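What follows is one structure encoded as structure tokens, with my remarks underneath.
The values are calculated or read from the model by the stated rules, or taken from the named source; none is laboratory data. Predicted, not measured: the structure shown is a model, and the values here were computed from it. We place every Cβ from the backbone using ideal geometry, glycine too, and count neighbours over all the protein chains shown. The protein model used for the area step is the full one, side chains on, heavy atoms only, and it has no ligands, DNA or RNA in it. Shrake-Rupley method; radii C 1.70, N 1.55, O 1.52, S 1.80 Å.
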Amino acid sequence: MSVLESHVASRRAPVRRRIPRPYLSPGVRLVLVSVVLVALIACFLFLFVRGSFAFAFPRRLNMLGAMVIAAFTQGVGTVVFHTVTDNRILTPSIIGFDSMYTLMQTLMVFVFGGTVIANTEGIPKLLAQTALMVVFATILYRWMFSGKLGSLFLMLLVGVVIGLAFDSISTFLQRLLSPTEYDMLSVKLFGRLSAVKGDYLPLAFGVCIVIGLILWKRRHHLDALLLGREAAMGIGVSHKRELTLMLILIAVMVAFSTALVGPMTFYGFVVATLAYQFAGSYKHVYVMPMAFLLGLLTLVLGQFVMQHIFYAGGFLTVIIEFVGGALFLAVILRKGKL
């Protein structure tokens, strides 16, 4: 265990007994998870093809692309969010992205009618929704960090309040919709991996690659943020600059993921929690790839089982949210605090 890992471990929880050295190194763990993931992807793409393979394969490939985007944005985004907030229970959704997405979709249907959802599908709508959510997050960050009383926890508190306000407005407007319009709206309010169009994927991959390169280049700065504000500044890291940059990158990832595949509130929390257990290290060079690999593995395995064993592939995101919520409550009850 390195000096950085030992210091971070001592900050997280006091160690009363010697922790045994892990049997597998973090690099070996990444390789093993990658091998299992490749096997699962092959099974997902090529097994149980009913009918025309030329018809089924592109659909499965598009779904796999959506899973890659969701796994990277939600998994890696949650890990980075946990680092900058120094809290492994909070999720990026606490800032209000899911609530803002729901409010935007509800307002569109309320003002223009239910047909507007189908008539406005395309990359311009995706970019517009993402831009609005990123602008909202940027204004919130600038407002919260510019004043004398500005702090990260104040920003999180304001984000919770704004999210509750958005939810209240959305619920009120949804009650005024006709049953037909509400049915059309409800399709957009749940995660939908199978409904992502292939035209969106090149743009989504481009955004993820750019953000991934930035995070990989600054992985050592993220390790320094784990030490705390004073320690990070003591070794030459600009804490406020890194914090603001990471929050903006998180905003872009979560906003893009929400606009592309829909809200997935607890999915990132589940993936990040598993990554901490399986990575075998506090270093982001191992934790971030592990979060991505486990996130993709969870989606591929879950979709394969639900689709070919239970014949209910459309319910995967609902089950993930249910399991994630249960895990969230279990962690809170075990820790006894947020």
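Taking segment 97-117 as the range and being out of contact with any Leu (no Cβ under 8 Å at 6 or more places or on another chain) and either free of Cβ contacts under 8 Å to residues at least 12 places away in the same chain or among the polar types (S, T, N, Q) (or both) as the test, the residues that pass are VAL111, PHE112, THR115, VAL116.
Report, by residue number, each residue of segment 91-114 that is open to solvent by 10 Å² or more (accessible area, probe 1.4 Å), of a type outside the set (Ser, Thr, Tyr) and part of a helix (DSSP H, G or I). Write out each step before concluding.
Let us first name the residues in segment 91-114 that are open to solvent by 10 Å² or more (accessible area, probe 1.4 Å), namely 91, 93-94, 98-100, 102-104, 107-108, 110-113.
Narrowing the set further to residues that are of a type outside the set (Ser, Thr, Tyr) leaves 94, 98, 100, 103-104, 107-108, 110-113.
ILE94, ASP98, MET100, LEU103, MET104, LEU107, MET108, PHE110, VAL111, PHE112, listed by residue number.
Criterion applied to VAL261, VAL305, VAL300 was being surrounded by fewer than 19 Cβ atoms within 10 Å (Cβ to Cβ) and among the hydrophobic types (A, V, I, L, M, F, W, C), and the one residue passing it is VAL305. Checking each residue in segment 259-282 for being within 15 Å of LEU24 (Cα to Cα) and in a loop (DSSP other than H, G, I, E, B) picks out GLY280, SER281, TYR282.
Of all the listed residues (PHE110, PHE48, PHE97, PHE81), the sole one being in contact with a helix residue (DSSP H, G or I) (Cβ under 6 Å, 6 or more places away or on another chain) and either modelled with pLDDT of 90 or more or within 13 Å of PRO263 (Cα to Cα) (or both) is PHE97.
Residue-wise test of (1) modelled with pLDDT of 85 or more; (2) more than 17 Å from the chain's Cα centre (by Cα).
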| site | (1), (2) |
| --- | --- |
| MET253 | yes, no |
| ALA259 | no, no |
| ALA279 | yes, yes |
| VAL305 | no, yes |
| HIS308 | no, yes |
| PHE315 | no, yes |
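When ILE332, ILE248 are screened for being at pLDDT 75 or above, of a type in the set (A, V, I, L, M) and over 12 Å from the mean Cα position of the chain (by Cα), only ILE248 passes.
When ALA272 is tested against (1) touching a Ser or Thr at 6+ places or on another chain (Cβ under 9 Å); (2) over 30 Å from SER186 (Cβ atoms), only condition (2) is not met. Tell me yes or no: at least one residue of segment 300-310 is closer than 29 Å to ALA56 by Cα and outside any helix (DSSP H, G or I). For segment 300-310, residues closer than 29 Å to ALA56 by Cα and outside any helix (DSSP H, G or I): present.
Among residues of segment 121-164 being farther than 18 Å from ASN87 by Cβ, of a type outside the set (A, V, I, L, M, F, W, C) and at pLDDT 70 or above, the one that is surrounded by the fewest Cβ atoms within 10 Å (Cβ to Cβ) is PRO124.
Count of segment 79-90 residues, restricted to those that are within 13 Å of the chain's Cα centre (by Cα) and open to solvent by less than 20 Å² (accessible area, probe 1.4 Å), is 4. Take the conditions (1) open to solvent by 20 Å² or more (accessible area, probe 1.4 Å); (2) modelled with pLDDT under 90; ALA232 misses just one of them, which is (1). Scanning segment 165-193 for residues that are surrounded by 15 or more Cβ atoms within 10 Å (Cβ to Cβ) and charged (D, E, K, R) yields a total of 4.
Does ARG50 satisfy the condition of being assigned to a loop (DSSP other than H, G, I, E, B) and farther than 30 Å from GLN277 by Cα? Yes: the conditions hold for ARG50.
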